[in-house]
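Taking it in order: structure first as structure tokens, then the write-up.
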Amino acid sequence: MNALTPQIIAEVTNGEYVGKEADRDVPVAGAVRDNRDVKPGNLFVCIRGARADGHSFADDAFEKGAACCLAEQAISEAKGPYVIVGSTLEAIKSLGKYYRSLFEIPVIGITGSVGKTTAKELIAAVLGAKLRVLKTEMNMNNELGVPLTLMELNEWHEAAVIEMGISDFGEMSELAKMVRPTIFVMTNIGYSHIKELGDLNGVLRAKTEALAYMEPDGIAILNGDDNLLRDFDPGMRKITYGLGEHNEIRAENICTEGIEAVEADLVSRTGMFHVKIPAYGTHLASLAPAAAVVGRMLGLTDDEIGRGFLLYTPVEGRSNVTASAGLTLIDDCYNANPGSLKAALKSLSELPGRRVAILGDMLNLGEYSGQMHHDVGKFAADCGIDILICQGEQARFIYDGYTHEGGDLAYYYPLMEELLTKIPAYIKKGDAVLVKASHDMHFEKLLPVISGLGDHHAEDHKKTS
């Protein structure tokens, strides 16, 4: 399927073609913004970033086989054809919208304040038991990542699972114009980006902008345990999922196998079936019904859905668990908000050994920030977290909430540098350690230090056994 050429790209983007006449009809397949990711036949999108200008890497992209470049300026002595546009970001969005329109396959759009990446991975795993699926990779869920993902579609894909992340009003509309979901999944309405969106009703309003870009026969799959979503009328068929009995499909009899797996019964009016997800975190069970609904909508049997769950693997930085004879380390430091942090603490509380939570700031909470951090601290104490270690300006409120609620062992450090030196004094053999904060807190710096402690404890175990 050679749906794109430099000539078509110029027409779709209202751009100016520059290059040899013979190159106007060269096939273009896929698009990338990083010259290191270029594969033969790709469109290379020149993006001006804070640290680098993509135009500087156009020649390298051509050398690696790029069929065409999308640029905002002339490329000196270009080694291939390119199209000049006013904004490469707006142009790639136009291309994403056009390219998506060429495919008549189920497209599942996923959003929510907490759990959208996990839901995306679960749904893609379930569908992958029977169908050839395109899914959003890494953090490609914004106005640049979504069109780049859509342009990976090809004739053999039978479904697409697209994550849609926003931080302000209007952004979801921009994404939905491109994605045009046939099924829309919402995980919950929480306090992420509350600074920009004002309140929970604002979050609901912003995220449901996507519904205006769906066909009347579309399906909205909403978390019925969320008060706002339970009562929300999407103007189309609505299916609720979750843990509560009022949901059309729910998870019951949830149990965990330590860090190895989560099991549950999925119950609906058509019956019950058992599923096992080979990963850590009880939050997986609350999202499993949504994945099962999507699977059923696309024709999978319950047996196929069950096999699909067994294909699930977590994304790096999101509840990734490593275990040794020394300790259990839960790397969940990709991002954090009140909902995801409480879910992570609840899962930690169910593990054996001392439960250690190393927590940092949750960003973009605006005027709610102090109270939300304080509430997380109280929740940590109520969960029975044995040791709390906090770092960051707002994390001081987590510390305050924990100690106010009766938590005994708590430590606070304003600076990462000091925390890095103190960590070895707090971690002992057999501990279960959660590391979680907003991405910009860079808590990934702690991981090698903690992993090293685990290796040390493991060596001690060998010497004494």
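The figures follow:
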| item | result |
| --- | --- |
| In region 263-282, the residues that are among the aliphatic types (A, V, I, L, M) and either modelled with pLDDT under 95 or part of a loop (DSSP other than H, G, I, E, B) (or both) | Ala279 |
| Gly407 being of a type outside the set (Phe, Trp, Tyr), over 23 Å from Ile189 (Cα atoms) and either in the same structural domain as Gly112 (by TED's automatic domain parsing) or in contact with a helix residue (DSSP H, G or I) (Cβ under 8 Å, 6 or more places away or on another chain) (or both) | yes |
| Matching residues, region 294-333, being among the hydrophobic types (A, V, I, L, M, F, W, C), part of a helix (DSSP H, G or I) and surrounded by fewer than 24 Cβ atoms within 10 Å (Cβ to Cβ) | Met297 |
| Any hit, region 388-396, residues being assigned to a helix (DSSP H, G or I), in contact with an Asp or Glu (Cβ under 7 Å, 6 or more places away or on another chain) and modelled with pLDDT of 95 or more | yes |
| Any hit, region 352-359, residues being surrounded by 24 or more Cβ atoms within 10 Å (Cβ to Cβ), on the phi < 0 side of the Ramachandran plot, at pLDDT 95 or above and not assigned by TED's automatic domain parsing to the domain that holds Ala395 | no |
| Positions within region 18-67 being aliphatic (A, V, I, L, M), surrounded by fewer than 21 Cβ atoms within 10 Å (Cβ to Cβ) and in contact (Cβ under 8 Å) with a residue 12 or more places away in the chain, in sequence order | Val18, Val26, Ala29, Val32, Ile47 |
| Any hit, region 398-411, residues being crowded, with 18+ Cβ neighbours inside 10 Å and under 25 Å from the mean Cα position of the chain (by Cα) | yes |
| Those helices (runs of 4 or more DSSP H) lying entirely in region 154-249 with at least 1 residues surrounded by fewer than 19 Cβ atoms within 10 Å (Cβ to Cβ) and modelled with pLDDT of 95 or more | 171-179, 200-207, 227-231 |
| Selection from region 129-138 of residues that are in contact (Cβ under 8 Å) with a residue 24 or more places away in the chain and surrounded by fewer than 18 Cβ atoms within 10 Å (Cβ to Cβ) | Arg132, Met138 |
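Table: residues versus (1) assigned by TED's automatic domain parsing to the domain that holds Leu200; (2) part of a loop (DSSP other than H, G, I, E, B); (3) within 30 Å of Leu284 (Cβ to Cβ); (4) in contact with a Lys or Arg (Cβ under 7 Å, 6 or more places away or on another chain).
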{"residue": "Tyr17", "(1), (2), (3), (4)": "no, no, no, yes"}
{"residue": "Val26", "(1), (2), (3), (4)": "no, yes, no, no"}
{"residue": "Phe44", "(1), (2), (3), (4)": "no, no, no, no"}
{"residue": "Phe57", "(1), (2), (3), (4)": "no, no, no, no"}
{"residue": "Glu77", "(1), (2), (3), (4)": "no, yes, no, no"}
{"residue": "Gly80", "(1), (2), (3), (4)": "no, yes, no, no"}
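The values are calculated or read from the model by the stated rules, or taken from the named source; none is laboratory data. Being a predicted model, the structure only gives us computed values, none of them experimental. When we count neighbours, we look across all protein chains shown, and the Cβ atoms used for this are built from the backbone with ideal geometry, even at glycine.
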